[in-house]
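Peer 1: Just passing along the structure, written as structure tokens.
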Amino acid sequence: MTLKLRLAKKSDISSIINVMNKVGYIKFRFKNMSLNKVQATIQSEFPSRSFLICTEKKKVIGYAIFGSAEAFLMCPFEVEKKGFAYHLGIGVDPDYQGKGVGLLLTEFMLKVIRAEGFKGIYSDVGSNNVASLKLQKKMGFVEIKRYRDSKRTKETYNVLFKKEF
Ligand SMILES: CC(C)(COP(=O)(O)OP(=O)(O)OC[C@H]1O[C@@H](n2cnc3c(N)ncnc32)[C@H](O)[C@@H]1OP(=O)(O)O)[C@@H](O)C(=O)NCCC(=O)NCCS
């Protein structure tokens, strides 16, 4: 594979949505919203978040998104948000999963976040998401708390991770 990592442009949005759809993120976050409305929502969110992508022969096969923890991290207890980023999601096209793309994207995201002067990053993952839990731990994220969250199903906890540089 010839993989390339870069910041996404607005013209990449529909390809990113295609991957989001394949990994089930659109259904999870936007429930019954039409794809046109999803597209408009992501377009409106684009300026306030950083979208990173991985391409293989110019095809978008994965994305990772982050923003500032102060703007986006909501949790029912106090954490130090100032100067930290917040991981807003990652997805790899199922045809390319298990080949290290998730690790590469996370590594790239950490590099960008560090270059932007953040002290570290928070992320949260569903307690049943084996691949994502493994990925976070492998990249040096440390679990700081498990708690119930309305965005998860009743059987699942939200697991908050932190990585400090
Ligand atoms: C989580 C996700 C991004 C991982 O991407 P990926 O490219 O498949 O991950 P990698 O190939 O880089 O693997 C990273 C680690 O996770 C492990 N892993 C990947 N898929 C796995 C699976 N289905 N079950 C168990 N472990 C898995 C890998 O073995 C690897 O660890 P290792 O090097 O010790 O073997 C991908 O599975 C995905 O898009 N999932 C759906 C969306 C999602 O859940 N996103 C996270 C919530 S926002």
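The values are calculated or read from the model by the stated rules, or taken from the named source; none is laboratory data. Just so you know, these numbers come straight off a predicted model, no measurement behind them. Here the Cβ is made from the backbone with ideal geometry for all residues, glycine too, and neighbour counts use every protein chain on show. We work out accessible area using only protein heavy atoms, side chains counted, and drop any ligands, DNA or RNA first. Shrake-Rupley method; radii C 1.70, N 1.55, O 1.52, S 1.80 Å.
Peer 1: Can we say Gly102 is within 16 Å of the ligand (Cβ to nearest atom), on the phi > 0 side of the Ramachandran plot, open to solvent by 10 Å² or more (accessible area, probe 1.4 Å) and not hydrophobic (A, V, I, L, M, F, W, C)?
Peer 2: Spelling it out, it is not the case that Gly102 is within 16 Å of the ligand (Cβ to nearest atom), on the phi > 0 side of the Ramachandran plot, open to solvent by 10 Å² or more (accessible area, probe 1.4 Å) and not hydrophobic (A, V, I, L, M, F, W, C).
Peer 1: Continuing with this model, one more query. Asp124 - would you say it is in contact with a His (Cβ under 8 Å, 6 or more places away or on another chain) and among the acidic types (Asp, Glu)?
Peer 2: Numbers: in contact with a His (Cβ under 8 Å, 6 or more places away or on another chain): yes; among the acidic types (Asp, Glu): yes.
When the stated conditions are applied, Asp124 passes them.
Peer 1: Given the residues Val112, Val142, Val130, which is the only one that is at pLDDT 95 or above, under 16 Å from Gly67 (Cβ atoms), open to solvent by 20 Å² or more (accessible area, probe 1.4 Å) and not charged (D, E, K, R)?
Peer 2: Going through Val112, Val142, Val130 in turn, the sole match is Val112.
Peer 1: Still on this model: How many residues, within segment 9-44, are under 16 Å from Asp93 (Cα atoms) and either basic (Lys, Arg) or assigned to a loop (DSSP other than H, G, I, E, B) (or both)?
Peer 2: 4
Peer 1: Among the residues of segment 2-32, which ones are open to solvent by 70 Å² or more (accessible area, probe 1.4 Å) and closer than 24 Å to Ser150 by Cα?
Peer 2: Of everything in segment 2-32, those that are open to solvent by 70 Å² or more (accessible area, probe 1.4 Å) and closer than 24 Å to Ser150 by Cα turn out to be Asn21, Lys22, Lys27, Phe28, Arg29, Lys31, Asn32.
Peer 1: Only one of (1) surrounded by fewer than 18 Cβ atoms within 10 Å (Cβ to Cβ); (2) β-branched (Val, Ile, Thr); (3) more than 22 Å from Lys82 (Cβ to Cβ) is not met by Val125, so which one is it?
Peer 2: It is condition (1) that Val125 fails.
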